[in-house]
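Right, one structure below, let's go through it.
The values are calculated or read from the model by the stated rules, or taken from the named source; none is laboratory data. Note that the structure is a prediction, hence the values are computed from the model and not measured. Note: ideal-geometry Cβ built from the backbone for every residue, glycine included; neighbour counts use all protein chains shown. Just the protein is used for accessible areas: all its heavy atoms, side chains included, with ligands, DNA and RNA removed. Shrake-Rupley method; radii C 1.70, N 1.55, O 1.52, S 1.80 Å.
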Amino acid sequence: MATRRDFIKVSAIGVGGLALAGSSYGLLKKVIPAVKGNEKAQKVIPTRTPTYCEICFWKCAAWVHTNDEGKITKIIGHDSDPHCNGRLCPRGTGGVGMYYDDERLKTPLIRTEERGLQVFREATWDEAFEYIAGKMKKIAVEHGPECVALFTHGSGGAYFGHMLKAYGSDNIGAPSFAQCRGPREVAFQSTFGDLVMSPERTDIRDTRCLVLIGSHIGENMHNGQVQEMSDAIDKGATIITVDPRFSTAASKSKYWLPIKPATDIALLLAWIHEIIYNEWYDKKYVEKHTYGFDQLKEHVKDMTPQWAYGITGIDPNVIYETAREMANASPAVIVHPGRHVTWYGDDTQRLRAIAILNALLGSWGRRGGFYFPEKVDVPKFNHPPYPKPKRNWRDAFPGMYNLAEEVIASGICDATIPVPERECAFKGWIVYGTNLIFTLPDQQKTIKAIQNLDLMVAVDTMPMEITGWADVILPECTYLERYDEIRVSPHREPYIALRMPATEPLYNTKPAWWMAKELGKKLGLADFFPFETIEEQLDWQLKQMGTSLDEMKKLGVKKYERAADDLYLDENEPFEFNTNTGKIELFSTAILAEGFDPMPKYTHHEEPPEGFYRLNYGRAPMHTFSRTANNPNLTDLMDENTLWVNPKVAKLWDLKNDQYVKLKNQDGFVSHTSIKVRVTERIRWDSVYMVHGFGHRQPQMKRSYFRGASDADLITRVHVDPIMGGTGMRGNFVTFVTENLEA
Amino acid sequence: MRYAMAIDTKKCVGCSDCVVACQTENNVPIGYCRDWVVEVTDGTYPQLELEIRSERCNHCSNAPCVRCCPTGASHYAEGGIVLVTANKCIGCGACIASCPYDARFPHPDGHVDKCTYCNHRLLEGLKPACVSVCPTKCMYFGDLDDPNSEVSRIIKKRKWKTLIPEAGTSPELYFLI
């Protein structure tokens, strides 16, 4: 009878005479031959085509690898691209899942029942375009073409933008302004006469001190910034994080300031006070470049760390110490402007305080602070002039938001709901790649606006909540299956990147450039689309940029020289800033002219009523907005969000880890879906936190349907920034609902 | 030659890029993973510490999975990499039970699967997919027998720990702390 030992011996002989039992490791290592390759693995250098990623706005250049059968296997970052330096983030790496998601939109759909019911019939592309063009022509005649708006987030939106301008409307907006980074752009424009831009011009790589105000780099996976923060950690830079939550970034910080929510301006003003009154500011820089220092000094006179302590809960000594850390690192210091900054309605003023702090520390235009980026221009091709629109969205807000240089997406939504005193409400929406039900606050209002439309078109790759409200759904192929415009974005050196299809589109899906052109033809706008194919257009443009489509297919990205050697300010030269005074405005003449405080003030914000907690939300590194929640690869990494609850609060409410709850907000709105509790010390007792983008209710996305909850369900109270129309969304308070979760 | 990996917990942000890069590189089916991320929080608000670790097979020098494998499917390859030869594996699961790190899983094709340190890439002079993709560059890989390798140098310079050293498996996965 064979013993177990015998069995092992017999088996071992089969592997080449290895005596496994009782052998020493040293012996084994010598006798076992290396296995040549892994039979399950792919070839290392397969066919590859260039692209830039579309899973988020960072747009990292990459190579799409395909196997012998032409199937996409993996996506690898482009080594020469400064957005990613050869390393994609998890979303970019998992971009394959967007292509392979079998729940994608597959063919054009036309609504057959009223809005609110998702009943569609399959249509041909021609039928879909006929339908849209018919409605658009009717709107143009009855109301004027200005009454059609485009909401867009993503590369292909540019083609629809061109089509819409040719049609006669310049109401082209993205929620990325008034629902996201708008306040920082207005604040930095008012202060420095220039924008923060995207990718942000922060010189994190060479900074000695990085200050994050609620910005959770590392959880927001803005690739280049995450990489540079890591480099800065390696070089021993000081990180200071201000956040009521112990974020990943907070855990990497020398100082974590667990601030009471909604009090950031008080802390910023106290820092300004310390830097001025201890004379830690960059005197030469402030004297040479700034306007309004004396007024600012007087303004912050009483805003001491002791004053701020009473408001923020941050120890005055820590305020002093951290101010000193910044000053010691000056000018290689970044008080980071953040990205999603529409919080409490005084956001432009908070971002002004951040800008002022940077100005005092002399970091704008300095190594390790903020650099002057450069990008190349893509040549415009000839087409007839766009008709001049008679009206636009601003007419709905007379005299307001003059400093907003981009369209306010929420403003278009507001101006779609008819009111007697306004001449025209929007009648048509084209929604490209943005799930407005999740991106705009106050879902009831968004739905009310949609119900007032004559035409609602959604262009997307996935059946999102917003596509369910459309009259016509145009299914776009994913970025891995299409050409798009040449990527140009500002950076230390100008680069361009090409996106080309790695494979034919799956199903009956089409690229945006083709849709816009075909729709344009139906609208009688063929003259605006002079090129037969996108290849022809790209090649024409690239040839004028000193390259060609063929060359770019091989290169993927191309670097250009800067026009001048001016990455940083030249200390010996005068410099005129693009502000009213030509200086960095500590005292903003532009904001004063609009009737607002020229220097930021702290205002007290409402606090949660008893039994309620401030609803905070943020990002997870493996997901983008609400757009990736059904991506099979990314869902595999995170398939639902959790509600972070402090243990003290959990005890009070008898909440246990992994228990599901619903949330009810101050206005009585209850989340549509329930969310799993995560009891953690990493959140303050006065707030709860969830990652944005879950709680989908689109049954066609089975992997994400009813997984987790949506903060957007609960953001019914909006604090509008009077300066630029941003929608402050962090003034909502929630309590727990533990019963009748199925209801 | 002795392959090892060092992971800097001070830089890792726990994004799981290593997980998805491994999946697409090695055709790991959705729902399975060869590497994963662990977050450990210590302390009470606001005195807190967070350690984030990207974990995988420790490629132990004294690997219980190799010792207990009845067919020799689990074995050491060049450089001490612990591998499973899929067509020799009978899927008995002894190795899964023996691993103190829970690094192995039953592949739906019927064999046991785990991290290979991307052996197929090493043979082509590349680094493991997780190391190559990591946006924070928190992973170091190389030959510990070579004092000039990236991994040797970082381990000499920094404080480190291994996981469950008391199991006596002599892991070759180091966490910089």
Filtering segment B:115-135 down to residues that are at the interface with another protein chain (Cβ under 7 Å from one of its Cβ atoms) and assigned to a helix (DSSP H, G or I) yields B:119, B:120, B:121, B:133
By residue number, the members of segment A:508-544 that are over 29 Å from the mean Cα position of the chain (by Cα), in contact (Cβ under 8 Å) with a residue 40 or more places away in the chain and farther than 24 Å from residue A:433 by Cβ are A:527, A:530, A:540, A:544
Review point. So is residue A:215 surrounded by fewer than 24 Cβ atoms within 10 Å (Cβ to Cβ) and either out of contact with any Ser or Thr (no Cβ under 7 Å at 6 or more places or on another chain) or within 13 Å of residue B:13 (Cα to Cα) (or both) or not?
Key: no
**Q.** Test for residue A:499: is it touching a helix residue (DSSP H, G or I) at 6+ places or on another chain (Cβ under 8 Å) and either assigned by TED's automatic domain parsing to the domain that holds residue A:543 or aliphatic (A, V, I, L, M) (or both)
**A.** yes
Practice task
Return a yes/no flag: does segment A:208-231 have any residue that is within 25 Å of residue A:494 (Cβ to Cβ), in a helix (DSSP H, G or I), in the same structural domain as residue A:259 (by TED's automatic domain parsing) and without any contact (Cβ under 8 Å) to a residue 24 or more places away in the chain.
Solution key: yes
Residue A:117 passes all but one of the listed conditions (1) over 25 Å from residue A:459 (Cβ atoms); (2) more than 14 Å from chain B (Cβ to nearest Cβ); the exception is number (1)
Looking across segment B:3-44 at residues that are surrounded by fewer than 19 Cβ atoms within 10 Å (Cβ to Cβ) and of a type in the set (Ser, Thr, Tyr), the single one that is farthest from the other protein chains (Cβ to nearest Cβ) is B:32
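Matching residues to (1) open to solvent by 30 Å² or more (accessible area, probe 1.4 Å); (2) of a type in the set (A, V, I, L, M); (3) touching a His at 6+ places or on another chain (Cβ under 8 Å):
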site	(1), (2), (3)
B:59	no, no, no
B:65	no, no, no
B:88	yes, no, no
B:97	yes, yes, no
For residue A:683, the lone unmet condition from (1) open to solvent by 10 Å² or more (accessible area, probe 1.4 Å); (2) within 14 Å of chain B (Cβ to nearest Cβ) is (1)
Only unsatisfied item for residue A:484, checking (1) assigned to a strand (DSSP E or B); (2) assigned by TED's automatic domain parsing to the domain that holds residue A:83, is (1)
Across segment A:365-396, the tally of residues that are in contact with a Gly (Cβ under 9 Å, 6 or more places away or on another chain) and not in a loop (DSSP other than H, G, I, E, B) stands at 3
Those residues of segment A:215-242 which are on the phi > 0 side of the Ramachandran plot and touching a helix residue (DSSP H, G or I) at 6+ places or on another chain (Cβ under 7 Å) amount to A:218
Picking from A:656, A:601, A:651, A:664, the residue that is open to solvent by 60 Å² or more (accessible area, probe 1.4 Å) and either small (Gly, Ala, Ser) or in a helix (DSSP H, G or I) (or both) would be A:651
The condition from (1) more than 8 Å from chain A (Cβ to nearest Cβ); (2) open to solvent by less than 20 Å² (accessible area, probe 1.4 Å); (3) more than 30 Å from residue A:73 (Cβ to Cβ); (4) not basic (Lys, Arg) that residue B:112 misses is numbered (3)
Picking from A:264, A:194, A:206, A:231, the residue that is modelled with pLDDT of 95 or more, surrounded by fewer than 23 Cβ atoms within 10 Å (Cβ to Cβ) and under 29 Å from residue A:406 (Cα atoms) would be A:194
Subset of segment A:413-464, residues of a type in the set (S, T, N, Q), surrounded by 22 or more Cβ atoms within 10 Å (Cβ to Cβ) and not in a helix (DSSP H, G or I), comes to A:416, A:434, A:435, A:461
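Results for (1) part of a strand (DSSP E or B); (2) facing chain A (nearest Cβ under 7 Å); (3) not hydrophobic (A, V, I, L, M, F, W, C), shown as yes or no for each residue.
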{"site": "B:50", "(1), (2), (3)": "yes, yes, no"}
{"site": "B:57", "(1), (2), (3)": "no, no, no"}
{"site": "B:62", "(1), (2), (3)": "no, yes, yes"}
{"site": "B:67", "(1), (2), (3)": "no, yes, yes"}
{"site": "B:72", "(1), (2), (3)": "no, yes, yes"}
{"site": "B:83", "(1), (2), (3)": "yes, yes, no"}
{"site": "B:92", "(1), (2), (3)": "no, no, no"}
